[in-house]
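Scroll down for the structure; my scribbles are underneath it.
The values are calculated or read from the model by the stated rules, or taken from the named source; none is laboratory data. Please read all numbers here as calculations on a predicted model, not as lab measurements. Cβ: placed from backbone, ideal geometry, glycine included. Neighbour counts: every protein chain shown. Heavy atoms of the whole protein, side chains included, go into the accessibility calculation; ligands, DNA and RNA do not. Shrake-Rupley method; radii C 1.70, N 1.55, O 1.52, S 1.80 Å.
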Amino acid sequence: QVQFVESGGGLVRPGGSLRLSCAASGSIFSIIAMGWYRQTPGKQRELVALVSSGGITTYADSVKGRFTIARDNAKNTVYLQMNSLKPEDTAVYYCNDYRQVATAAYPAWGQGTQVTVSS
């Protein structure tokens with residue numbers, strides 16, 4: 001099973017930007033869809049953005065127009081460019097294989113990376 005390590009989070013002011021990286025331990029070439037998720041204490045983990053092997057992207061309504069997901073199969077890395085950040089974007093962000101999350105009883109999650117948007 002491919003493992004993922006998230007990085008790039010930090011403290012940023014409202015309106016600022018961050019780029020998150022998701023480094024995979026193995027090839028992601030055959031992974032049909034990679035997703036970025038986020039979770040805030042007390043809330044269920046939610047899908048933020050999704051990119052398919054064909055390059056089709058989808059976004060949660062709350063981040064449309066502000067976030068961009070991309071994958072570089074050659075580098076086994078998935079990115080999330082986050083612009084115009086809002087305090088409500090504060091969360092721990094995770095990446096994962098979308099199919100595994102959707103089908104596995106206990107999908108494996110990495111440590112995630114903390115994003116805090118505050119003045």
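Just the accessible area for residue 117, please: 1.4 Å probe, Å², rounded to the nearest 10?
10 Å²
Ranked from highest to lowest mean number of other Cβ atoms within 10 Å per residue, what is the order of the peptides 16-22, 52-58? Spell out each step's value before the answer.
Details: 16-22: 18.3, 52-58: 12.0.
Ranked from most to least packed, the peptides come out as 16-22, 52-58.
Rounded to the nearest percent, how much of the accessible area of the stretch 12-119 (1.4 Å probe, protein heavy atoms only) is carbon and sulfur?
Working: 2840 of 5770 Å².
The value for the stretch 12-119 is 49 percent carbon and sulfur by accessible area.
Roughly how many whole Å is it from the C-alpha centroid of the stretch 90-119 to that of the stretch 35-68?
10 Å
I want the antiparallel fraction of DSSP beta bridges within the chain, as a percent rounded to 5.
Numbers: 34 of 37 bridges.
About 90 percent, rounded to the nearest 5.
Starting from the residue with the highest accessible area, list 103, 40, 68 in decreasing order, probe 1.4 Å. If you can, show how the numbers build up before the last one.
On the way: 103 110, 40 45, 68 75 Å².
Sorted descending by solvent-accessible area, the residues read 103, 68, 40.
Determine, from the Cβ-Cβ distance of residue 43 and residue 72 and an R0 of 30 Å, the FRET efficiency 1/(1 + (r/R0)^6), rounded to the nearest 0.05. Provide the component values of the computation, followed by the final result.
Details: r = 30 Å, r/R0 = 0.99.
For residue 43 and residue 72, the calculated efficiency is 0.50.
So if I place +1 on the C-beta of Lys and Arg and -1 on the C-beta of Asp and Glu, and nothing else carries charge, what would the dipole magnitude of the chain be about its Cα centre? I want it in debye, nearest 20.
Its charge dipole is roughly 140 debye.
Decide, for the stretch 79-119, between rounded, prolate and oblate: order the square roots of the alpha carbon gyration tensor eigenvalues as a ≥ b ≥ c, take rounded if a/c falls under 1.5, and otherwise choose prolate if a/b is larger than b/c, else oblate. Please list the in-between numbers first.
Working: a/c = 3.06, a/b = 2.39, b/c = 1.28.
The shape class here is prolate.
What accessible area, in Å² to the nearest ten, does a 1.4 Å probe give for residue 64?
Using a 1.4 Å probe on the heavy atoms, I get roughly 120 Å².
So what's the net charge close to residue 57: Lys and Arg +1, Asp and Glu -1, counting the other residues with Cβ under 12 Å from its Cβ?
Details: positive: 64, 71; negative: none.
So the surrounding residues net to +2.
So for the chain, taking the charge dipole from beta-carbon charges (+1 Lys/Arg, -1 Asp/Glu), which of 51, 28, 4 sits furthest toward the positive end?
Selected residue: 51.
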